[in-house]
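In what follows, a single structure is set out as structure tokens and then discussed.
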Amino acid sequence: MLFNDLPSELLLELFSYLRPTDLYLSFLPLFNARLSELITQADLSVDLTYISVSHFLLVLRHCSAQQIVFLRLTNQYSHGLLISEFFASKHFHPEHFVRLRSLHLDDIIGNEINHLPPCLERLSVKFHKKAEHAAKFYQLALQSTTLRQCYLIGGYAFDSKTCFPISSRTIERLHMAIKSFPQDLFAVLQALPSLIKLKTRIYTQSTTSQIPSVISQSPLMHMNIDLQGTGINLTMLDSQLLSQLPRIQSLIYQSYEKSSEDVHNLLKLSTRLRRIQFIQKGLSISTNIDDCELGSNNLVVAVQQITSFRNSRQTLTLHTIPYPDKVIHLPFVHWNTTHHCHNHAIYDRVERVRINLSESFNPCNFSTCQNVKHLTLVCNNDITNGTVSADIVSSFVRLASIRHLIINSQTSMIDLSSLASLTPLHSIDIAWSQLRPYAFLTNIKSLSLISECVSWREIEHLISYLIPQLEHLQLNVTTSDECREILNFLLAPGSTNKLISIKICICQTLSDQIQHDLEPLLLSSQWTQVRWKMDNWYLYIWK
């Protein structure tokens, strides 16, 4: 009764912090007319990243597009089904989102919507690796009359010949790949006269007869450019672009080992800019950073000598990272404006680590990586010198930061129990034979058992005793009967498992047989209502 007496303004504020599914499941069953009415008026931030089919349908039934101010949708766990079904609903066409300011879409192919919400200010999109309609979506975004921030990741590199026309006078921040320099980059700067900050990756070098006059009027202040080994050096970048931009203040410039840069060009450019950062990628395993030279000058010594007398507001940062980005195989070094930074400073930016347990290693050779999220343990033979414990792994990475673990190993001498107890693991990719000795893996939400086939009884043991909170499961089957038996358990109407998505790897020769046997069951009421699709290699189920 005290809660019901709170003023409406306070209740609306409280409701805006809750997930819509929690609101509907907690308050609508109370049949309180006032609370139910307030729920329909609250501003909602809707995140459907991890959501079951039943909760998704609950949102479609009770939520109004006019309430939503923030929206995040992903196809990752619905196997490409969620976003299309969401926008296909007659109440959730893009024009109905009149108050939506921020939209995040993940794993799309580009044809899920035909136009953007009318008042959208921030758009963030990650495309599927086979995004057939990405160019169309790029054009849609770059013609917006309301967007201020636009992030288009993957799927396509902007090409002025295939993505034309574009024109947006509102976009101030842009992150997207661009096919060529300078032609396509010039086309972007001409079409977006309000652009202040640009992050891009260039794939090819093009020619241009002249520099467009409008480039000299561009307000661009901050640029992050990755030249992908195109052969474009800093001198070309400066003469054809940077020197034409009157307001440019900072540059993050990424090149590869094979590109030759004169340190004097870097230093000369740094006197004009407030901040410049140079990243050299692709250093080989044998590279000694202390001996590394760019051009004919020792980069580190020159930078230390010249920048030590510079105004502290101007900074020149130079460092090297291995290829690919944020994946570490051996030590590397970071240099900054005035002093040599110890190895551990650069290791803090490493996100992925792969350790080969078959090779001898000396953890003392480099610092522990503090922020690793993805850890892969590889071994091609049995380890004879004892169990690989959490103590050994912790000499390479800080266990408390690891979220994703892949064990690609033939050995059983990995102490998974200690690893699981000391890490906040979200996902594991492992063989069933290595997993089953362990009693309880509470934190795991995503599990891949693709390397070995499992029976329905083993799945029952897994769900009931090992990982009761599991939400995403990937497994392998060899017969249609095995697949049906496993789904009989997982999709039984009385089942209490927490699964949201199931991905079953099937033999290509069995795909027709499995579809013939299972399609009637998936469409019937014998199993829990699901969304599903199938190709020659996988059966995808969104539960």
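The values are calculated or read from the model by the stated rules, or taken from the named source; none is laboratory data. Since the structure is predicted, the reported quantities are computational estimates derived from the model, not experimental observations. When we count neighbours, we look across all protein chains shown, and the Cβ atoms used for this are built from the backbone with ideal geometry, even at glycine. These area figures cover heavy atoms from the full protein model, side chains too; ligands, DNA and RNA do not enter into them. Shrake-Rupley method; radii C 1.70, N 1.55, O 1.52, S 1.80 Å.
Details
- Residue count for segment 228-280, restricted to those that are under 19 Å from K199 (Cβ atoms), part of a loop (DSSP other than H, G, I, E, B) and at pLDDT below 85: 6
- Restricting the search to strands (runs of 3 or more DSSP E) fully inside segment 54-172 and requiring at least 1 residues that are at negative phi and in contact with a His (Cβ under 6 Å, 6 or more places away or on another chain) gives 68-74, 122-127, 149-153.
- With respect to the conditions (1) modelled with pLDDT under 80; (2) open to solvent by 50 Å² or more (accessible area, probe 1.4 Å), K373 falls short on a single one, namely (1).
- Single residue of E452, E485, E460 found to be open to solvent by 50 Å² or more (accessible area, probe 1.4 Å), touching a helix residue (DSSP H, G or I) at 6+ places or on another chain (Cβ under 7 Å) and over 23 Å from A420 (Cβ atoms): E485
- Any chance I202 is aliphatic (A, V, I, L, M) and over 22 Å from T145 (Cβ atoms): yes
- Pair list, Cβ < 9 Å and 6+ apart or interchain, from segment 122-151 residues that are without any contact (Cβ under 8 Å) to a residue 24 or more places away in the chain to residues that are of a type in the set (V, I, T): K130/I109; E132/I109
- Sole exception among (1) surrounded by fewer than 15 Cβ atoms within 10 Å (Cβ to Cβ); (2) farther than 17 Å from L44 by Cβ for E85, by number: (1)
- Lone unmet requirement of (1) open to solvent by 40 Å² or more (accessible area, probe 1.4 Å); (2) modelled with pLDDT under 95 for E112: (1)
- Qualifying residue in segment 523-540 (condition: surrounded by 15 or more Cβ atoms within 10 Å (Cβ to Cβ), in contact with a Cys (Cβ under 9 Å, 6 or more places away or on another chain) and under 19 Å from L462 (Cα atoms)): no
- Flag for H91 being open to solvent by 50 Å² or more (accessible area, probe 1.4 Å), under 30 Å from W527 (Cα atoms) and in the same structural domain as P117 (by the TED database): yes
- Residue in segment 489-509 that is surrounded by 14 or more Cβ atoms within 10 Å (Cβ to Cβ), farther than 16 Å from I459 by Cα and touching a Ser or Thr at 6+ places or on another chain (Cβ under 8 Å) present: yes
- Against the numbered list (1) over 23 Å from V530 (Cβ atoms); (2) in contact with a helix residue (DSSP H, G or I) (Cβ under 6 Å, 6 or more places away or on another chain), L142 comes up short only at (2).
- Segment 484-543: number of residues that are touching a Gly at 6+ places or on another chain (Cβ under 8 Å) and not charged (D, E, K, R): 1
- Count of residues meeting criterion [outside any strand (DSSP E or B) and either open to solvent by 80 Å² or more (accessible area, probe 1.4 Å) or of a type in the set (G, A, S) (or both)] in segment 200-216: 6
- Of the helices (runs of 4 or more DSSP H) that lie entirely inside segment 450-543, those containing 3 or more residues that are without any contact (Cβ under 8 Å) to a residue 12 or more places away in the chain span 511-523.
- The residues of segment 178-199 that are outside any helix (DSSP H, G or I) and either over 23 Å from S144 (Cβ atoms) or touching a Phe, Trp or Tyr at 6+ places or on another chain (Cβ under 7 Å) (or both), listed by number, are I178, K179, S180, F181, P182.
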